[in-house]
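Undergrad: Let me begin by handing over the structure; questions about it come next.
Throughout, read-outs are computed from the coordinates displayed, never taken from laboratory work. In this text, all values refer to a predicted model and were calculated from it rather than measured experimentally.
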Amino acid sequence: MDKIAQQIMKELLPAEKEVVPPPSGAKGPRNPVDHWSPAILLERGAYLRKMATYGDGSASETLKEYAGHSTMLSFRSRDGDAEVHQDFADLFYVLEGRAVMVTGGTVKGGHIVAPGEMRGIAIESGKRQEMKAGDLVHVPAGVPHQMLVSGEKTVTCFVVKIQEIQ
């Protein structure tokens, strides 16, 4: 399976370009500019869909980590856990599919999984909002949230995790 996954990734991911640092004293961006077209993100989402069928119905990958935020791609064909991030906001952009985002309320069966990170089985008394392709959802740090995917539906999202200074 590892060999197959590597071959799929080789076909889907563009070749990494060598980043040449600017000459000393030159002014320029600290980091190179990153660009992912919808087509590339959806191709990578198709790869995650394949990986999810071998797992628990969800798969994600970190695209890039930056100072203060990171970008991810996420595929789901099942409900996610209820979660609360103490220091990070989540910004979801739905590329494909549909889901329901439940926000607010309280986390049922909550337990700490890492410093500043809580997970649970559900959210009680939260607000439900349907998400579909093209929608953008911002969940501030400290707000309980859970993504629900019903029936045969699936959802692929571009996610930005943003560190919030409190």
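Undergrad: So between residue 42 and residue 87, what do we pick up on full extension, going 0.36 nm a residue minus the alpha carbon distance?
TA: Going from the current span to full extension adds 13.3 nm.
Undergrad: I would also like to ask the following. Thinking of region 43-92 as a set of Cα atoms, what percent of all their pairs are more than 14 Å apart?
TA: Distances greater than 14 Å cover 59 percent of the Cα pairs.
Undergrad: Provide Rg and Dmax in Å for region 53-166, with only Cα atoms included in the calculation.
TA: Rg, Dmax (Cα atoms, Å): 13.4, 40.
Undergrad: What is the Cα centroid distance between region 37-87 and region 129-165, reported in whole angstrom?
TA: So the two Cα centres are separated by 11 Å.
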